[in-house]
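Quick notes on the structure that follows.
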Amino acid sequence: MTEVIRCSWAGMTDPMYLRYHDEEWGRPVRGDDLVFERVTLEAFQSGLSWLTILRKRENFRAAFDGFSIEKIAAYDENDVERLLADPGIVRNRAKVLATLHNAKAALDVPGGLSELVWRFAEPGAPVPATMADVPAITPGSKALAKELKKHGFSFVGPTTAYALMQAIGLVNDHIASCPAR
């Protein structure tokens, strides 16, 4: 009998992390608000553990009106102060301001954010045998980050862009032996 080996990053000790790995990560996500949520959460994750963000995700959803791009684009300084006072989310002024800025930028993307991001899908990417085979940056993530920045987005460098690509299924980086693949 062959041993089933999951992707090592999921830690496998926290049920929430395991569920995210098995049921969400690498699965296609479409729709402007849904993709915007992932862009935002990946930006907030920068410098932190993904598990920290995952544990606060429902709080983020409540604080940011379900990641409605239109609602967030209309936020004002009172909303910024409300968000910075919310202990349920990561209270980082630069990331909060980037979220508001990115929502405004997303409103102006011709065809919508989801369509733009999905142009960078890499369905033929090599299947990683181990997590050591999974890159942090690819030419596709560099191109996606550049395109998002061209449209006015911030906090979307190539590493964050690749994490987004992995999270929403633009690339499937579950290792070959992983049952979630």
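Things to note:
- Relative to the Cα centre, the charge distribution of segment 41-108, modelled as +1 at Lys and Arg Cβ and -1 at Asp and Glu Cβ, gives a dipole magnitude of about 320 debye.
- Estimated from the Cβ-Cβ distance and a Förster radius of 22 angstrom, the FRET efficiency linking residue 80 and residue 151 is about 0.50.
- The trypsin sites (Lys or Arg not before Pro) of segment 103-175 that DSSP puts in a loop, and whose beta carbon has at most 15 other beta carbons within 10 Å, are 119.
- Ranked 80, 127, 134, criterion: other C-beta atoms within 10 Å, fewest first: 127, 80, 134
- Nearby aspartates and glutamates by direct alpha-carbon distance to residue 104 (threshold 19 angstrom, same-chain neighbours under 8 apart not counted): 32, 33, 37, 42, 65, 70, 76, 77, 79, 81, 115, 147
- Among 138, 78, 92 the positive-end extreme of the charge dipole of segment 30-167 (Cβ point charges): 138
- Within segment 30-167: Cβ-based charge dipole about Cα centre, in debye rounded to nearest 20 (Lys, Arg +1; Asp, Glu -1): 340 debye
- The mean of 1/r over all pairs of different alpha-carbon atoms in segment 30-167, once inverted, gives a Kirkwood hydrodynamic radius of 15.4 Å.
- Shape category assigned to segment 84-127 from the gyration tensor of Cα positions, a/c cut at 1.5: oblate
- If you take the Cα centroid of segment 116-164 and the Cα centroid of segment 1-70, the two points sit 16 Å apart.
Computed from the coordinates by the stated procedures, all read-outs in this text should not be read as laboratory data. Everything quoted here is computed from the prediction, not taken from an experiment. Neighbour counts are summed over all protein chains in view; Cβ atoms, including those assigned to glycine, are modelled from backbone coordinates with ideal geometry.
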